[in-house]
Amino acid sequence: MPKIFAQPLANAEQQAAADCLISFHENITSRNFARAYERLSWDYQSYMSYDGWVPGFDTTVSSSVSQIRVISESAGLIELGYMLTAVDKINGREKTAQFNGTATLVKENGAWKIDQ
């Protein structure tokens, strides 16, 4: 089992932001795209419609994050670093890839949302 957190998170806000990121990827894996889309900020959603966004996951088998760490934090904004493990099915074969990623999360109406 991969290590979810690269370091202990310092406070409840960091944990809540990390939970949003984890939930987003869990919902992608379970193909609950509407629920995943809800994890995106209003700004992100206004940039990419749901119908334009979902086809980006046509080949996705699973998407998971590990080694989550806080890069920066200010009022209403947290930047997280993570390792993404993505499994896609292309031409009948599964391909696994790992990427280092960052996500910027913003606080909207009391909830953390992925903004970038």
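The values are calculated or read from the model by the stated rules, or taken from the named source; none is laboratory data. This one's a predicted model, so the numbers in the text were calculated from it and none came from an experiment. Using ideal geometry, Cβ is built from the backbone for each residue, glycine included, and neighbour counts are taken over all protein chains shown. Heads up: the accessible areas ignore ligands, DNA and RNA and are worked out on the full protein's heavy atoms, side chains in. Shrake-Rupley method; radii C 1.70, N 1.55, O 1.52, S 1.80 Å.
Structural remarks
- Approximate spin-label separation residue 88-residue 102, in nm, with each point projected 7 Å along Cα-to-Cβ: 2.3 nm
- The residues neighbouring residue 113, those whose beta-carbon lies less than 14 Å from its own, together hold a net charge of -4 under the Lys/Arg +1, Asp/Glu -1 convention.
- Accessible surface of segment 7-116 [probe 1.4 Å, protein heavy atoms]: carbon and sulfur percent: 48 percent
- For the chain, relative contact order (Cα pairs under 8 Å, six or more residues apart, normalised by length) works out to 27 percent.
- For segment 27-41, 3J(HN,Hα) per residue [Karplus equation, 6.51 cos²θ - 1.76 cosθ + 1.60, θ = phi - 60°, Hz, x = Gly/Pro]: 6, 4, 4, 7, 6, 8, 5, 4, 5, 4, 4, 5, 7, 8, 5
- The mean accessible area for residues of the chain, using a 1.4 Å probe and ignoring ligands and nucleic acids, is 59 Å² per residue.
- Selection from 103, 59, 41, by position along the positive dipole direction of the chain (Cβ): 59
- Over all other residues within a Cβ to Cβ distance under 13 Å of residue 101, the charged ones net out to 0, with Lys and Arg as +1 and Asp and Glu as -1.
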